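The structure appears right after this line, and notes come after that.
Bear in mind these aren't lab numbers, they're just calculated from the coordinates by the rules spelled out. Here the structure is a predicted model, which is why all the values come from computation and not from measurement. Neighbour counts run over all protein chains shown; Cβ positions are idealised from the backbone, glycine included.
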Amino acid sequence: MVDTNVKPRPLPKPTPATQAFWDGAKKGKLMLQWDPTAKKYQFWPRANSVRTGKRNLQWKPTSGKGELYSFTVTHVPTPGFEARAPYVIGMIELDEGVRIIANLINIEIDDVEIGMRMKVAWEKLSDDITYFAFEPDKRAKSKAKK
């Protein structure tokens, strides 16, 4: 029996301010905006720097690696995520110093720990959109407490 209550996962609509991010994602690169005045990355993409208000932002690839800063387990899913519930949403502090909120994949809920090393993973949603998520970086040493 097919569940007719399952909705399709919503697809982001790239804008001029976000197009470079989505172009990088299609190539498996986590691209973020770099503020050369503040010497810091920012996320989500915007037309202006959140620190200086200037429009001098540059796009740079990142390592796509970092540590799990915080997380929550979602039991009541957003439309399009019904089949995944319960699922984990985490805040990852990238090695470059910026935090990103994303789904955590390829991990059991009971294995999620603050401080664990994470790396970007990609989910192809359409020919045009590849979406970011994070998964455990099994090659890295974790600061998570045992």
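Restricting attention to segment 29-60, the residues being surrounded by 13 or more Cβ atoms within 10 Å (Cβ to Cβ) and under 26 Å from Arg117 (Cα atoms) number 14.
Screening Gln58 against (1) of a type in the set (S, T, N, Q); (2) touching a Pro at 6+ places or on another chain (Cβ under 8 Å); (3) touching a residue at least 24 places away in the same chain (Cβ under 8 Å); (4) under 24 Å from Glu135 (Cβ atoms) leaves a single unmet condition, (4). Residues in segment 89-146 that are free of Cβ contacts under 8 Å to residues at least 12 places away in the same chain and either surrounded by 13 or more Cβ atoms within 10 Å (Cβ to Cβ) or in contact with a Leu (Cβ under 7 Å, 6 or more places away or on another chain) (or both): none.
Among Val120, Val88, Val73, which is assigned to a strand (DSSP E or B), of a type outside the set (Ser, Thr, Tyr), touching a Phe, Trp or Tyr at 6+ places or on another chain (Cβ under 7 Å) and more than 23 Å from Asp23 (Cα to Cα)?
Val88
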